[in-house]
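Scroll down for the structure; my scribbles are underneath it.
Bear in mind these aren't lab numbers, they're just calculated from the coordinates by the rules spelled out. Everything numeric in this text was worked out from a predicted model, so none of it was measured. Cβ atoms come from the backbone with ideal geometry, glycine included; neighbour counts cover every protein chain shown.
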Amino acid sequence: MKELANPQICQVSGNKLNYFREGQGETVLLVHGITTYSFIWAEIFHLLKSDFDVIAVDLPGCGDSEKSVVVDYSLKHQSELLKEFIDALNIQKVHFVGHDLGGGIAQIFTVNYPESIISSTFINTVAYDFWPVQPIIAMRTPIIRQLAMATLDLGMFKLIVQRGVFHKEKITSELMNYFFKPMLNKAGRKAFLHFAACLDNKNLTEIAGLLKKIRTPVLIVRGDADVYLGSNISAKLHSEISTSKLVIIPDAGHFIQLDEPEKLAHILQQFIKEKSYAA
């Protein structure tokens, strides 16, 4: 598996954000979901950097970013922090690409900061009130959180990954080490559980009516073998966002970046180039 090299740090409202940046051109911001961090984008990152200025960021509480358990990790606040992040980097507009919860953050960002958006891509995304899903719901229960704090292990994460990957042969010990890296210490486990506890689908239901008013280009990508998030999510988003395009990849699960990186990168390249404001 390719790695992301030369990490950088940006301070945003007192939060240390870890990120990777390479390439030139319009900025593509890659935002992960829960249970992952920037590593999930590694293949995509390297495939896009020859055409774009690509940034893969670790959300607060994830990867190598700061892991405070007093900071609000809700999707709404994460979107606010990412606006501060791109402002701190002097970036005016981005192609926002979000996966899973990152897709939910992308929806909020697109609605609230349209002046900062060239295009938005939602990949196997949460939306409306169709989430959270198991095992995240359980993690929001105090007793389960305490139990999970003591028992989070590689075996549990492997089950999550196995269900979320279509091409099972891609689940290697190296891949699992990437997934589990933030859980190797107590601070990482606490941050993960705090992230889960902060999730509230009201952050997305309150903007549901505003999605219809989006005028910037939107790409919706679904790995059709996703067992965590149903096809009704992408279908509803596509029906309500008039500027959207829906692409379905049959042989990909929830972690589509692992299942079909070349296919996903090609889809993103074509869409972004078509919607480029510099074209």
Give a quick list of trypsin sites (Lys or Arg not before Pro) in the stretch 208-279 that DSSP marks as loop, anything other than H, G, I, E or B, with at most 13 other Cβ atoms within 10 Å.
LYS212, LYS213, ARG215
Which of GLY209, GLY104, GLY164 moves the most in a Gaussian network model of the chain with Cα springs under 10 Å?
GLY209
Net charge dipole size for the chain [Lys, Arg +1 and Asp, Glu -1 on Cβ; Debye, nearest 20]
480
If r is the Cβ-Cβ distance from LYS181 to VAL70 and R0 is 25 Å, what FRET efficiency results, to the nearest 0.05?
0.60
For LYS212, the lysines lying under 22 Å Cα to Cα, once residues fewer than eight places off in the same chain are dropped, come out as LYS76, LYS83, LYS93, LYS202, LYS236, LYS245, LYS275
The stretch 201-206 - phi-based ³J(HN,Hα) in whole Hz, Karplus 6.51/-1.76/1.60, Gly and Pro as x:
5, 4, 4, 9, 5, 6
How much net charge surrounds GLY25 when only other residues with a Cβ under 9 Å from its Cβ are counted (Lys, Arg +1; Asp, Glu -1)?
-3
ILE248 to MET1: FRET efficiency via 1/(1 + (r/R0)^6), r the Cβ-Cβ distance, R0 30 Å, to the nearest 0.05?
0.75
How much of the DSSP beta bridge set in the chain is antiparallel, as a percent to the nearest 5?
25
What does the helix-only formula give at 222 nm for the chain: each DSSP H stretch with n ≥ 4 adding -39500 (n - 2.57), the total divided by the residues, and the result rounded to the nearest 500 deg cm²/dmol?
-11500 deg cm²/dmol
With 29 Å as the limit, write out which pairs from LYS67/LYS273; LYS16/LYS49; LYS67/LYS168; LYS2/LYS186 have Cα-Cα distances beyond it, or answer none.
LYS67/LYS273; LYS67/LYS168
Once the dipole of the stretch 8-275 is set up with Lys and Arg at +1 and Asp and Glu at -1 on Cβ about the Cα centre, which of ILE108, ILE123, ILE249 lies farthest towards its positive end?
ILE108
Within the stretch 69-103: backbone nitrogen closer than 19 Å to the LYS202 label point (7 Å, Cα to C-beta)
71-80
What are the extents of the Cα atoms of the stretch 18-62 along their three principal axes, in Å, largest first?
29, 17, 12
Could you please rank LEU246, LEU199, LEU48, placing first whichever residue has the fewest other Cβ atoms within 10 Å of its Cβ?
LEU246, LEU199, LEU48
Prolate/oblate/rounded call for the stretch 199-253, Cα gyration tensor, a/c under 1.5 rounded
oblate
State the percent of C-alpha pairs, over all pairs in the stretch 8-275, separated by a distance greater than 22 angstrom.
52
Residue span HIS167 to ILE9: 0.36 nm per residue of separation minus Cα-Cα distance leaves a gain in nm of 53.5 nm
Only Cα pairs within less than 10 Å get springs; with that Gaussian network setup on the chain, which residue of PHE255, PHE157, PHE45 has the largest fluctuation?
PHE157
Distance in nm between label sites at GLU262 and PHE157, each 7 Å beyond Cα in the beta-carbon direction?
2.8
Whats the longest run of the chain with zero GluC sites (Glu not before Pro) that are DSSP loop and have at most 16 other Cβ atoms within 10 Å?
4-205
Would you pull out the residues with amide H under 5 Å of ILE34's amide H, same chain only if 5 or more places away, H placed 1.01 Å from N?
LEU101, GLY102
